[in-house]
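The values are calculated or read from the model by the stated rules, or taken from the named source; none is laboratory data. None of the values given here were measured: they were computed from a predicted structure. Quick reminder, even Gly has a Cβ in these numbers, built from the backbone with ideal geometry, and neighbours come from all protein chains shown. When the accessible area is computed, the model is the full protein with side chains, heavy atoms only, and any ligands, DNA or RNA have been set aside. Shrake-Rupley method; radii C 1.70, N 1.55, O 1.52, S 1.80 Å.
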Amino acid sequence: MELLRSSSVAELATLAEGGVLVHGGTEVVPLLREGLLEAERLVDVRGIVPRGVQDATIGAGTTLAELEVEPGIPDALSEACRLAASPQLRNMSSLGGNLLQATRCWYWRLGYPCRLHGGDRCHARDGEHREHAIFANDYCASAHPSDVAAVLVALGATLHTTRRELPVRDLYRLPTPEDRRTTTLEPGEVILELDVPPADSSTYLKAMDRKRWAFPLVGVAAVRRGAETTVALAGVAPVPWLLEGSLDDATPLPGTAYKVQVATALVERARAAVA
């Protein structure tokens, strides 16, 4: 395996073809170590991918720790960064990397031949699934782990990549038999910046197994602009979930029915907090 460092965005786009991008390494390194990710080339994007906050634009290389204390971003985003991980991980983790986290589904992590690994079965549906999805879980019951992604979906943030501009919501896709991917990034495409529009009020609430620094069982982001409130959830679907209908539309598995109750309580609290 070779480690390369790009000197420009143009060169980065070339090196990214056939390589694996790495910034803080908090996601890529464990996946490589566990054999879930293979790479002959690692491309260090530090120093190339923009870092920092300028007005409503956030560089994808900005760390969660930097965003946590940034006064110019919506409260929900700051809180999601604070709750996402331990201080050590927040100091290393980049915003772009956090958005591209792989599922925490233990069947996928243990290398079971599940549908995301190209198999023909979702092991969680018949097995242990306490932490799994309650929406869009018919093909794959994995739950997306990013607190930050749910907040950015609720905020209506926009991504800028080396090739295009798209809403953060459109970064994600539900896996299908024809395409098992959970993101829409193409090979060699790199996230550079995000535009985050201001909000009148916002909050992020999170239910975890531990009191601190755990992945969300249910995370709820609420954003109010004028009389309209937008809600998005983490930990409840294979992708960050924009709540456009009702929680009554959830399709929990036997072991995840409790998540509907938790989500109902947190959505009510979040809506009240931004009212």
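Annotations for the structure displayed:
- Considering the stretch 27-65, and only residues there that are surrounded by 16 or more Cβ atoms within 10 Å (Cβ to Cβ) and more than 20 Å from the chain's Cα centre (by Cα), the residue that is modelled with the lowest pLDDT turns out to be Ala39.
- Residue count, the stretch 221-242 (criterion: without any contact (Cβ under 8 Å) to a residue 60 or more places away in the chain and surrounded by 21 or more Cβ atoms within 10 Å (Cβ to Cβ)): 0
- Filter pass, Ala149 being in a helix (DSSP H, G or I), of a type outside the set (D, E, K, R), in contact (Cβ under 8 Å) with a residue 24 or more places away in the chain and within 14 Å of Leu233 (Cα to Cα): yes
- Of all residues in the stretch 1-24, those that are in contact with a strand residue (DSSP E or B) (Cβ under 9 Å, 6 or more places away or on another chain), of a type outside the set (D, E, K, R) and either open to solvent by less than 50 Å² (accessible area, probe 1.4 Å) or farther than 18 Å from Arg163 by Cβ (or both) total 12.
- Conditions (1) out of contact with any strand residue (DSSP E or B) (no Cβ under 6 Å at 6 or more places or on another chain); (2) in a strand (DSSP E or B); number of the one not met by Gly255: (2)
- Looking only at the stretch 89-115, residues that are in a helix (DSSP H, G or I), open to solvent by 40 Å² or more (accessible area, probe 1.4 Å) and in contact with a Lys or Arg (Cβ under 9 Å, 6 or more places away or on another chain) come to 1 in all.
- Residues in the stretch 110-134 that are touching a helix residue (DSSP H, G or I) at 6+ places or on another chain (Cβ under 9 Å), among the hydrophobic types (A, V, I, L, M, F, W, C) and either without any contact (Cβ under 8 Å) to a residue 12 or more places away in the chain or under 15 Å from Thr256 (Cβ atoms) (or both): Cys122, Ala124, Ala133, Ile134.
- Single residue of the stretch 52-74 satisfying the filter (free of Cβ contacts under 8 Å to residues at least 24 places away in the same chain and part of a loop (DSSP other than H, G, I, E, B)) that is nearest to Met1 (Cα to Cα): Gly52
- Of residues in the stretch 243-275 being hydrophobic (A, V, I, L, M, F, W, C) and over 27 Å from Ala102 (Cβ atoms), the one least open to solvent (accessible area, probe 1.4 Å): Val274
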